[in-house]
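This report refers to the structure that appears directly beneath it.
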Amino acid sequence: MEIAVYTFCVMYSPGPVNLLAFNAGLRGALLVLIGYCVGVGSAMLSVFVVLGYVGAAVVKTALLLYFALAGSAYILYLAYHVFTAPADWQASGPPGVQLRFREGYGLQLLNPKGWVLVLPVTTVMFPAADITGGAILVYGLLISLGAIGAPAAYALLGRFAGRRITNRRVMAAANKTMAIVLVLVACSMVYDFFIATPAIAS
């Protein structure tokens, strides 16, 4: 039970994956986001397989730092496209900001906080609950299905809000605001992994 509560709280909290889904949901075309959501869940399952069977030893501190750099750069790239997008673009809109399987998988895989989420589950919670062998894959798959639901829920929330916004200037402001939030998220990742923990960064 504590595994479900822990993973749910972390996965459904605001983050770059969920914020991008919310922003796309504002413009409708929810079916376009199916691949994106599946990509997020697939990346989460990949992390569970690596950490559950290979072990936490494979995730060195330096590797997380590389993920933090690559993930932050990718988030800034997406933030630029969101910031410069016209107010009436759709979720299937301009190249570079399309949210498909590849974007969902890559963004979730490059997010070091996703690895940090899975680490205590595979190293502490699974052993404590006597979850080993094939059960790791089963539980990892179930949790990954929850990871699919997180961006989907944010997209639906965005769609609900978008139906009540008809002014293009408001939509343009929403674009700019979301882009700024994504920049702050990227900066937060850099801060967490390179400044707040200088001993780790060195």
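No value in this document is a laboratory result; all are computed from the given coordinates. Everything numeric here is computed off the predicted structure, so don't read it as measured data. In this analysis, Cβ positions are derived from the backbone assuming ideal geometry, glycine residues included, and neighbour counts consider all displayed protein chains.
The residues packed around residue 74, meaning those with a beta-carbon under 13 Å from its beta-carbon, carry a net charge of 0 if Lys and Arg are +1 and Asp and Glu are -1.
Among 187, 9, which comes first, then next, by fewest other beta-carbon atoms within 10 Å? Don't skip to the end; give the middle numbers.
On the way: 187 14, 9 9.
Taking fewest neighbouring Cβ atoms as first place, the list is 9, 187.
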